[in-house]
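Written out below as structure tokens is the structure these notes cover.
Any read-out appearing in this document is the output of simple, stated calculations on the displayed coordinates, not a laboratory observation. A quick note: this is a predicted structure, and the numbers were derived from the prediction, not measured. Here the Cβ positions follow ideal geometry from the backbone for every residue, glycine too, while neighbour counts run over all protein chains shown.
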Amino acid sequence: AQSVTQLDSQVPVFEEAPVELRCNYSSSVSVYLFWYVQYPNQGLQLLLKYLSGSTLVKSINGFEAEFNKSQTSFHLRKPSVHISDTAEYFCAVRGGGTALIFGKGTTLSVSS
Amino acid sequence: ETGVTQSPTHLIKTRGQQVTLRCSSQSGHNTVSWYQQALGQGPQFIFQYYREEENGRGNFPPRFSGLQFPNYSSELNVNALELDDSALYLCASSGQGSSVASTDTQYFGPGTRLTVL
């Protein structure tokens, strides 16, 4: 069975500051890892994913995440955040099964 | 390309009633997964349908059931509603191949907000 732990429930930052949202997972099989973002009153949007290959994956809006197998982590980073990045961020893992297993989410609040 | 759509957007029911939620998958996708997201929590997997057959189920009781139609749209039915069923119900579509792959990315709809009074 897989599980996901998002280590911070809320992360407040100022605009243009760097941010890291932490995600650890546990699994007895090889996994695929995802970050989704959820804006208020909306569904989930895929931000980025790791399936294989390069352990550093990037999104089109400046986020990146690095798969670290030894530390079972998939932390999300952005060097400079914008007000529009304010949202709920979910880390998810998928092993050999059909389901995505989600963490409880991290609320990123960006203020000016 | 049409994304995943869900209807209705909001729904209010009373305890003991039955509800049907609907999902249209993204064009070309043959797999639909349903998730329940309680307030302040991450989504939890209910079940998945692939080519009209259930292809996996999470830890939800039998009163949660589903269907997938030949056009790959799907329904989630919940019988004997309980207060704890109040949540955002998310549908995700994926897959274009001849089998379900773990690498398939799931694309989510906007969800249906169900309130049980």
Worksheet item: Which whole-number percent is the relative contact order of chain A (Cα, under 8 Å, 6+ apart)?
Response: 38 percent
Fill in: chain B: equivalent-ellipsoid semi-axes (sqrt of 5 x gyration tensor eigenvalues, Cα, Å)
24, 14, 13
Item to complete: Evaluate E = 1/(1 + (r/R0)^6) for A:S52 and A:H82, where r is the Cβ-Cβ distance and R0 equals 22 Å; express this FRET efficiency to the nearest 0.05.
Response: 0.10
Worksheet item: So for the pair B:S27, A:S3, with labels modelled 7 Å out along Cα→Cβ, what separation do we get in nm?
Response: 4.3 nm
Item to complete: With a point put 7 Å past each Cα toward its Cβ, work out how far B:N77 is from B:Q41 in nm, to one decimal.
Response: 2.4 nm
Worksheet item: Looking at A:S59, A:L100, A:P79, which one has the Cα that reaches farthest to the positive end of the dipole of chain A (charges on Cβ: Lys, Arg +1; Asp, Glu -1)?
Response: A:L100
Practice prompt. Quick one: how many lysine pairs does the range A:20-112 have with C-alpha atoms less than 19 Å apart and a gap of 8 or more or different chains? Give me the count, please.
Written response: 6
Fill in: Efficiency of FRET from Cβ geometry, A:F14 and B:L67, R₀ 41 Å, rounded to 0.05
0.25
Worksheet item: Quick one: what do you get for the protein assembly as shown if you divide its Cα Rg by 2.2 N^0.38 Å?
Response: 1.01
Worksheet item: Given the C-alpha centroids of the range A:31-68 and the range B:16-47, what is the distance between them in whole angstrom?
Response: 21 Å
Response to the item:
Computed ³J(HN,Hα) along the range A:80-94: with the Karplus parameters 6.51/-1.76/1.60, θ = phi - 60°, integer Hz and x for glycine or proline, the list is 8, 8, 10, 3, 5, 7, 4, 4, 9, 10, 10, 8, 9, 10, 9
Worksheet, complete the sentence: With the charge dipole of the range B:1-97 built from beta-carbon charges (+1 for Lys and Arg, -1 for Asp and Glu) about the Cα centre, the Cα from B:N79, B:Q41, B:L21 projecting farthest to the positive end belongs to B:N79
Worksheet item: What is the gain in length, in nm to one decimal, between B:E52 and B:T103 on full extension, counting 0.36 nm per residue of separation less the C-alpha to C-alpha distance?
Response: 16.3 nm
Worksheet item: Hey, what did chain B get for relative contact order, percent, Cα under 8 Å, at least 6 apart?
Response: 36 percent
Fill in: FRET efficiency, A:K69 to B:H10 (Cβ-Cβ, R0 45 Å, nearest 0.05)
0.60
